[in-house]
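All of the numbers you see were taken from the coordinates with simple rules; none came from a lab. In this text, all values refer to a predicted model and were calculated from it rather than measured experimentally. Cβ placement follows ideal geometry from the backbone for every residue including glycine, while neighbour counts extend to all protein chains displayed.
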Amino acid sequence: MSRIGKKAVPVPAGVTATINDGTLSVKGPKGILTLVLRDEIAYAVEDGTISVKPANDSKQARAFWGMQRTMVQNLVTGVTDGFTRKLLITGVGYRAAAQGRSLKLQLGYSHDVNIDVPEGLEVKTPDNTTVEISGSDKQKVGQLAAEIRRWRKPEPYKGKGIKYDGEFIFRKEGKKK
């Protein structure tokens, strides 16, 4: 029995949710997000809430139950508040600069790394060692953050690289004489 799945997702004022042709559409101040509905799960929009229940007693339906409820919650949160991911750049000469719809990174390579920002996302650089990614779709925000981080993962000896805000980097001791 999924404890997360049992809770209905509240729909705040100013947000509308509709189910049409196997898709759930949630419309709010930050845009419209959709989710393709699973056949194993029964969805219902009623009284300002969205409820998610397994359609049958199969193992697969119970496995999808909690995750589908969380995905519905992410849609509602995305169109009301949005999501933000913050990356911190550590290292001598490592820096970032947002230029229109692209992000320019200098990470110690012989060339600059240019990353195009997808539609629906916004990238800001408050200073040259911080990158803030924001948008209404949690999956897209996390995917772009992971792609940026992949260019220079933090290394365990000096901690140089790109890390998520709040991420702990396990540090190793160097050589001893």
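Select from Val113, Ser25, Gly161 the residue farthest towards the positive end of the dipole of the chain; place +1 on Cβ of Lys and Arg, -1 on Cβ of Asp and Glu, and compute about the Cα centre.
Value computed over the given set: Gly161.
On C-alpha positions alone, give me the angle between the axis of helix 138-150 and the longest principal axis of the chain, in degrees, nearest 10.
That helix lies at roughly 20 degrees to the long axis.
Between (1) 1.04; (2) 1.10; (3) 1.31, which matches Cα Rg over 2.2 N^0.38 Å calculated for the structure shown?
Structure-derived value, by its label: (3).
Using a 10 Å cut-off on Cβ atoms, rank the peptides 107-117, 145-155 from the highest mean neighbour count down. Intermediate results must be reported in sequence, preceding the final value.
Working: 107-117: 11.7, 145-155: 15.8.
Ranking, from highest mean packing down: 145-155, 107-117.
Helix 59-80 versus the longest principal axis of the chain: what angle, 0 to 90°, nearest 10, using Cα atoms?
70
7 Å from Cα along Cα→Cβ at both Ala42 and Ser102: what's the point-to-point distance in nm?
That separation, rounded to one decimal, is 5.3 nm.
What residues of the range 93-107 lie in the reach of a label at Asp116, counting those whose backbone N is under 19 Å from a point 7 Å from the Cα along Cα→Cβ?
Residues passing the 19 Å test: 97-105.
Each label point is 7 Å from the Cα along the Cα-to-Cβ direction; what then is the distance between the points at Lys59 and Thr16, in nm?
4.3
Roughly how many whole Å is it from the C-alpha centroid of the range 116-177 to that of the range 19-84?
Using only Cα atoms, the two centres lie 29 Å from each other.
State the extension gain, in nm to one decimal, for the chain segment bounded by Tyr109 and Lys86, taking 0.36 nm per residue of separation less the distance between their alpha-carbons. Kindly include the intermediate steps, with their values, before the conclusion.
Working: separation 23, 0.36 × 23 = 8.28 nm, distance 2.25 nm.
Taking Tyr109 through Lys86 to full extension adds about 6.0 nm, to one decimal.
Return the calculated 222 nm mean residue ellipticity for the chain, to the nearest 500 deg cm²/dmol, obtained by summing -39500 (n - 2.57) across DSSP H runs with n ≥ 4 and dividing by the residue count.
Details: 3 runs with 39 residues, N = 177.
The helix-only estimate for the chain comes to -7000 deg cm²/dmol at 222 nm.
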